[in-house]
Each structure stands twice: as C-alpha cells, then as structure tokens.
Amino acid sequence: MTSIQLCAYQLTRGPNIGKPCGAKNCKKKAHVRLPEPESKLEPESKLEPESKLEPEPEPEPEPESKLEPESKLEPEPESKPESKPIISPTRTEVQAHGFSWEKEINQHVYGATPEELKKIQYNSKIDLPAELNRLEKCDISVKTSGNLNVVDMGDPLHLYDEVGNNNPIHMTLVNYNQNDETNTKHVIRIIEIDLTNTRELLFGTLTRSQIEELKSTVKTVPQKRKPTKDEHTRLYSVRDELQKLSGALLLMIKCDSQASRVQCRFNHFQKFIETHPEKIIAQSNTNEFRGGVISPYIVSSRRVRNKKK
C-alpha cells in the first residue's frame with residue numbers, strides 16, 4: 001500500500017497564501033523540490049574554511065625576521081670620530097698671539113712635533129733649539145710686532161751671549177695689523193734674518209760687563225714702585241752713556257709692579273734690514289712661509305699698557 005504524503009509547501013499566492021499546500025502526493029515539482037528549512041543552515045557548516053584563517057599571527061614573525069638585518073647595521077663605528085680631539089689655535093688673551101704664532105711656526109714651518117715643543121721650558125732662552133729645527137740646524141727666536149720698525153728683543157745680556165758665540169741663530173718675525181673692530185690681528189709679513197755673530201752690529205762696542213753694570217744699577221730700585229726723581233736721574237744717566245756705544249739696539253729701563261729690569265729692542269728694524277739685506281734668509285707678505293702655513297689672523301684685542309705714574 002502506497003503511503004500518502006501531504007505537501008507542506010506554503011502557498012505564496014492565491015487566497016490561501018502562507019498556508020500549507022496540503023495536496024496528497026503533490027506532483028508539483030516546485031512544491032516537491034522545495035528545500036527543507038533546516039537545509040538552509042547547512043551553509044553555516046561551510047564556514048569551516050574560516051578556521052583556515054587561524055594562521056593570521058603567522059605573518060607577525062615575518063616582519064620580525066626582516067628586522068634582524070637592521071640590528072646588524074648598528075652605527076657603533078660611526079661614533080669613533082667623536083673621540084678625535086678638537087684643536088682650536090684661536091686665543092683670546094691679550095698677549096697670547098705671540099705664543100700662538102710661535103707654536104705654529106715652530107711646528108708647521110720648522111717641523112718640530114707637539115711632543116717636542118712641550119719639552120721646551122717656558123723661560124727657555126731659545127724658542128726652538130737647533131736640534132728640533134728640520135729646515136736647518138740653527139736656533140730660532142720667534143718674535144711678533146704690530147710695528148714694522150719696532151721689535152722687542154728681551155734681556156740684552158742673554159741676547160749679547162747668543163749672537164756672539166759662533167752658534168747659528170736666526171730670528172723669525174711675524175708682523176701684523178690690529179683690527180680694533182673685530183679684535184683680531186692679521187699677518188702682514190713674516191721675515192727670517194740671520195743674527196749669527198752680529199754682536200757688533202747690534203751692540204756696537206758695548207761690553208758684557210757694562211750691560212751687567214746697568215742691570216745691577218736698575219735692580220737697586222725696589223720692585224713694585226716707580227723710581228724716585230734722584231733714582232730716575234741716576235739710572236738714565238748710566239743708560240744714556242751706554243746707549244752712545246750701542247749699535248742697532250736701544251737699551252730700555254723698565255721699573256713697574258712686576259720687576260725692575262733692563263730690556264732691548266730694535267727701534268729701526270726696517271733700516272737694519274735695508275742696510276744689511278744679506279742677513280735676510282726669507283720673507284713673505286702672507287701667512288705662508290718657507291713651505292709652511294700659519295693662521296692668517298688670531299682673535300686678540302689691542303694690548304693696553306699701564307700708564308707710568
């Protein structure tokens with residue numbers, strides 16, 4: 001016996017819309033083939049592929065592995081240049097220009113090393129000994145002046161010994177112009193002259209004992225005060241008599257707050273080199289000299305000398 005099945009398809013049109021068809025053994029294909037409501041949930045099971053998205057964290061390690069090479073590029077070696085010393089030859093002290101240019105000339109022109117220069121004592125009679133002079137084996141005395149005619153030469157007794165002992169000695173002079181607006185000194189000339197055995201040219205017929213006598217007389221004046229009128233007359237009467245015997249150098253008496261002393265200087269240096277051009281070793285009107293180079297200018301204000309009381 002054939003079983004009877006009632007069609008449960010809900011009508012979608014006609015007066016019985018929304019009600020079951022109810023036909024026995026319904027032959028309407030559209031009714032029979034209607035999928036059961038539960039079958040609509042089957043696509044949910046098709047969401048299983050979403051589980052395939054679980055490896056989302058997998059790409060995270062990938063960028064991490066790409067960063068590994070960056071750690072190898074740490075710029076540690078680039079920090080080494082920071083350890084290099086920064087050397088600034090510029091000095092702002094009033095009298096430091098002489099020492100600064102002296103150091104540069106001894107190192108960049110005559111070839112002495114910084115270590116060798118450090119071994120030379122501050123109060124040494126010679127600025128650069130012959131054994132440190134790579135150009136020629138002679139002592140070097142370095143001077144600076146803002147006047148082409150005036151060159152301070154220091155203690156006359158020391159100089160008297162140096163220029164008369166047959167040992168080669170040269171003087172290298174740096175002349176400069178002072179710029180008061182910028183407080184700088186600019187090189188205008190560098191000249192080297194040979195002072196070997198020039199005692200007679202510089203000191204004339206003066207003897208060592210006469211210079212010693214003048215120094216002894218000046219030292220009778222107590223330090224840190226100016227000479228009295230009588231002391232001044234006595235000092236300069238001795239000096240004037242000795243000056244008549246001197247050559248190119250001027251003898252000077254200095255009594256100030258530091259010491260009572262005698263010094264000497266070229267007062268007509270231009271005339272000296274014009275009269276004795278054979279003494280000129282080399283000269284330049286720039287900061288380049290004998291294959292070396294020194295600073296073209298140095299920060300330094302004009303020296304203000306204390307007025308005599």
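Enumerate the strands (runs of 3 or more DSSP E) found wholly within region 151-251, keeping only those where 2 or more residues are open to solvent by 40 Å² or more (accessible area, probe 1.4 Å) and either under 25 Å from Gly292 (Cβ atoms) or hydroxyl-bearing (Ser, Thr, Tyr) (or both). Lay out the reasoning, then the answer.
On the way: elements: 151-154, 169-179, 184-194.
Hits in region 151-251: 169-179, 184-194.
What residue, among those in region 106-125 that are of a type in the set (Val, Ile, Thr) and in a loop (DSSP other than H, G, I, E, B), is nearest to Gln283 (Cα to Cα)?
Thr113
Return the residues of region 162-178 that are touching a residue at least 24 places away in the same chain (Cβ under 8 Å) and not aliphatic (A, V, I, L, M); say none if nothing qualifies.
Step one: list which residues in region 162-178 are touching a residue at least 24 places away in the same chain (Cβ under 8 Å), which gives 162-164, 166-178.
If the condition is that a residue be touching a residue at least 24 places away in the same chain (Cβ under 8 Å) and not aliphatic (A, V, I, L, M), then Glu162, Gly164, Asn166, Asn167, Pro168, His170, Thr172, Asn175, Tyr176, Asn177, Gln178 are the ones that fit.
Evaluate the following for Ser260: is it small (Gly, Ala, Ser) and under 18 Å from Met153 (Cα atoms)?
Details: small (Gly, Ala, Ser): yes; under 18 Å from Met153 (Cα atoms): yes.
Yes: the conditions hold for Ser260.
Limited to region 238-274, what total is found for residues that are under 14 Å from Gln210 (Cβ atoms) and either of a type outside the set (A, V, I, L, M) or touching a residue at least 40 places away in the same chain (Cβ under 8 Å) (or both)? Break it down stepwise before answering.
The initial filter retains those residues of region 238-274 that are under 14 Å from Gln210 (Cβ atoms), namely 238-247, 249, 251, 262, 264.
Next, only the ones that are either of a type outside the set (A, V, I, L, M) or touching a residue at least 40 places away in the same chain (Cβ under 8 Å) (or both) stay: 239-241, 243-247, 249, 251, 262, 264.
Of the residues in that region, 12 qualify.
Mind checking whether some residue in region 125-144 is closer than 26 Å to Arg303 by Cα, of a type outside the set (Lys, Arg) and exposed (fewer than 15 other Cβ atoms within 10 Å of the Cβ)? Before the answer, list the steps.
As a first pass, look at region 125-144 and keep what is closer than 26 Å to Arg303 by Cα: 125-128, 140-144.
Still in the list and also of a type outside the set (Lys, Arg): 126-128, 140-142, 144.
Narrowing the set further to residues that are exposed (fewer than 15 other Cβ atoms within 10 Å of the Cβ) leaves none.
No; the residues of region 125-144 include none that is closer than 26 Å to Arg303 by Cα, of a type outside the set (Lys, Arg) and exposed (fewer than 15 other Cβ atoms within 10 Å of the Cβ).
Kindly indicate which of Ile280, Ile298 is open to solvent by less than 40 Å² (accessible area, probe 1.4 Å) and under 24 Å from Lys185 (Cβ atoms). Walk me through how you get there before you give the answer.
Details: Ile280 fails: open to solvent by less than 40 Å² (accessible area, probe 1.4 Å).
Matching residue, one of Ile280, Ile298: Ile298.
The values are calculated or read from the model by the stated rules, or taken from the named source; none is laboratory data. Since the model is a prediction, treat every value here as computed from it, not as a measurement. Don't worry about glycine lacking a Cβ; one is built from the backbone with ideal geometry, like all the others, and counts go over all protein chains shown. The accessibility values were calculated without ligands, DNA or RNA, using every heavy atom of the protein model including side chains. Shrake-Rupley method; radii C 1.70, N 1.55, O 1.52, S 1.80 Å.
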